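**Student:** To start, I am sharing the structure in question, which I have written as structure tokens.
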Amino acid sequence: MKLEEKIKLIEEELRKTDYNKATEHHIGRLKAKLARLKEELEKKKARKIKTRGIKKEGDATVCLLGYPSVGKSTLLNALTNTSTRVGYYAFTTTEAISGIMEYKGAKIQIIDLPGIIEGASYGRGMGKEILSYVRMADLLVIMADIYTEDTIEIIEKELYNSGIRINLEKPKVRIEKKVSGGLNIVSSVKLNNITYETIKGILNEFGIHNADIFIDEDITVDRLIDALSKNTYYVKAIYVINKVDLLKEKILEKNGRIYISAEKRINLEYVKEKIYNALDLIRIYLKPKGKKPDFDHPLILKRGATIRDVCEKIHRDFLEHFRYAQVWGKSVKIQGQRVGLNHKLEDGDIVTITVNRKI
Ligand SMILES: Nc1nc2c(ncn2[C@@H]2O[C@H](COP(=O)(O)OP(=O)(O)OP(=O)(O)O)[C@@H](O)[C@H]2O)c(=O)[nH]1
Ligand SMILES: [Mg+2]
């Protein structure tokens with residue numbers, strides 16, 4: 001049987017089975033099996049679908065995702081230095097295009113994608129290709145216009161189907177594989193949604209028979225499978241509704257959605273700020289030894305970044321010849337403190353890196 005057929009069969013069985021205490025274990029195993037098969041299929045197809053042409057660049061990457069004709073390309077043109085084709089007809093954009101939006105010293109890459117439609121996760125339209133770009137993103141801008149707000153739900157469903165989880169924290173699960181001893185489950189919270197037996201069944205489906213499993217949240221079957229599945233991708237998203245110029249009333253934000261007009265340039269500064277904030281970036285100022293910090297050219301990094309990330313961003317050589325770093329700012333108790341590669345930085349920190357030889 002082909003992979004696709006196996007997947008269909010399991011999906012059908014899942015639809016037919018009601019969820020209750022008696023079927024929990026069975027459903028858990030089925031879902032795990034399904035996740036495994038999808039992973040396999042994805043891997044096979046990934047060889048064919050390449051994210052053509054566009055590489056990650058800048059300090060962070062944002063993807064514009066929405067149905068055809070909602071105004072994605074118009075927004076790309078309005079936010080960046082790029083100029084791409086805008087059309088009144090659907091599917092004007094046939095391949096991904098990227099531009100750079102500069103904001104508060106950060107260079108943010110914006111990728112404009114072809115319109116996504118229902119069934120994308122099964123390959124409809126350019127679904128597979130679009131969804132593979134999504135996996136490059138640090139943030140999604142999920143977009144509709146004032147006439148098509150209901151498409152947002154469809155897009156969310158397609159994202160979910162292809163293993164993309166938006167605005168969710170990663171499951172608090174840690175697995176340490178062993179060579180023998182069976183499965184040992186340690187949970188720091190009471191598990192109300194799953195039994196130990198089901199957890200073991202799911203792990204077995206993923207080929208894990210000997211391991212310590214540490215669970216720090218009241219986990220569900222779905223989240224456990226997500227934690228085990230290589231396919232799962234966690235990304236933040238914000239919601240933007242375009243063509244607000246066609247409404248009589250003025251709206252900036254409603255129900256967590258930002259209203260703009262890409263064409264008439266309404267609320268664009270607001271959406272820029274929202275994108276920047278959602279990316280959760282920090283600025284780090286480099287200070288050459290014995291000189292003043294360079295406040296004009298901050299390094300832009302993700303929150304949680306370490307000295308190692310700073311080195312990598314400047315030049316690989318810094319990592320190779322690293323001796324120590326000195327930090328001034330919020331992340332240290334003593335100003336000018338010496339720290340190592342794993343030291344976590346805070347927004348606004350000043351850093352001097354000392355290397356073993358001149359580079
Ligand atoms: N009234 C109004 N029309 C807009 C606005 N933004 C875009 N449009 C129009 O909407 C149509 C589609 O715009 P595009 O930017 O090509 O839309 P798209 O989402 O990139 O479409 P695809 O590439 O087909 O997925 C064009 O006719 C634009 O002129 C806006 O803010 N207000
Ligand atoms: Mg377009």
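**Student:** What strands (runs of 3 or more DSSP E), lying completely within segment 32-123, carry at least 2 residues that are out of contact with any helix residue (DSSP H, G or I) (no Cβ under 7 Å at 6 or more places or on another chain)? Don't jump to the end; show me each part of the working.
**Tutor:** Working: elements: 60-66, 97-103, 106-112.
Ranges flagged: 97-103, 106-112.
**Student:** In segment 71-94, which residues are more than 10 Å from ligand 2 (Cβ to nearest atom) and of a type outside the set (Phe, Trp, Tyr)?
**Tutor:** Those that are more than 10 Å from ligand 2 (Cβ to nearest atom) and of a type outside the set (Phe, Trp, Tyr): Ala78, Leu79, Thr80, Asn81, Thr82, Ser83.
**Student:** Looking at Thr82, is it near ligand 1 (Cβ under 10 Å from one of its atoms) and modelled with pLDDT under 85? Working first, answer last.
**Tutor:** Working: near ligand 1 (Cβ under 10 Å from one of its atoms): no; modelled with pLDDT under 85: yes.
Answer is no for this residue.
**Student:** Let me ask you something else. In segment 240-250, how many are more than 16 Å from ligand 2 (Cβ to nearest atom) and either closer than 16 Å to Ile110 by Cβ or out of contact with any Lys or Arg (no Cβ under 9 Å at 6 or more places or on another chain) (or both)? Quick ask: steps written out before the conclusion?
**Tutor:** Kept after step one, since they are more than 16 Å from ligand 2 (Cβ to nearest atom), are these residues of segment 240-250: 241, 244-250.
From what is left, the residues that are either closer than 16 Å to Ile110 by Cβ or out of contact with any Lys or Arg (no Cβ under 9 Å at 6 or more places or on another chain) (or both) are 246-250.
So the count comes out to 5.
**Student:** I want to confirm something. Restricting to segment 96-119 and keeping residues that are of a type outside the set (Val, Ile, Thr) and within 12 Å of ligand 1 (Cβ to nearest atom), which single residue is surrounded by the fewest Cβ atoms within 10 Å (Cβ to Cβ)? Give the derivation first.
**Tutor:** If we filter segment 96-119 for residues that are of a type outside the set (Val, Ile, Thr), which is where we start, we get 96, 98-99, 101-107, 109, 112-115, 118-119.
Now restrict to residues that are within 12 Å of ligand 1 (Cβ to nearest atom): 96, 112-115.
Numbers: Ala96: 21, Asp112: 25, Leu113: 25, Pro114: 23, Gly115: 23.
Selected residue: Ala96.
**Student:** Please go through segment 316-359 and pick out each residue that is touching a residue at least 40 places away in the same chain (Cβ under 8 Å) and either within 16 Å of Pro293 (Cβ to Cβ) or surrounded by fewer than 12 Cβ atoms within 10 Å (Cβ to Cβ) (or both). Break it down stepwise before answering.
**Tutor:** Of the residues in segment 316-359, the ones touching a residue at least 40 places away in the same chain (Cβ under 8 Å) are 317-318, 328, 344-354, 359.
Within segment 316-359, Trp328, Leu345, Glu346, Asp347, Gly348, Asp349, Ile350, Val351, Thr352, Ile353, Thr354, Ile359 meet the criteria.
**Student:** Six or more apart or on different chains, Cβ under 9 Å: which pairs go from a residue in segment 112-125 that's in contact (Cβ under 8 Å) with a residue 40 or more places away in the chain and in the same structural domain as Ala137 (by TED's automatic domain parsing) to one that's assigned to a loop (DSSP other than H, G, I, E, B) and surrounded by 24 or more Cβ atoms within 10 Å (Cβ to Cβ)? Could you list them?
**Tutor:** Listed by first residue and then by second, the contacts come to Gly115/Val70.
**Student:** Among (1) touching a Leu at 6+ places or on another chain (Cβ under 6 Å); (2) surrounded by fewer than 18 Cβ atoms within 10 Å (Cβ to Cβ); (3) in the same structural domain as Leu268 (by TED's automatic domain parsing), there is one condition Tyr89 misses while meeting the rest; what is its number?
**Tutor:** Exception for Tyr89: condition (1).
The values are calculated or read from the model by the stated rules, or taken from the named source; none is laboratory data. Computed from a predicted model, the values in this text were never measured in an experiment. Here the Cβ is made from the backbone with ideal geometry for all residues, glycine too, and neighbour counts use every protein chain on show.
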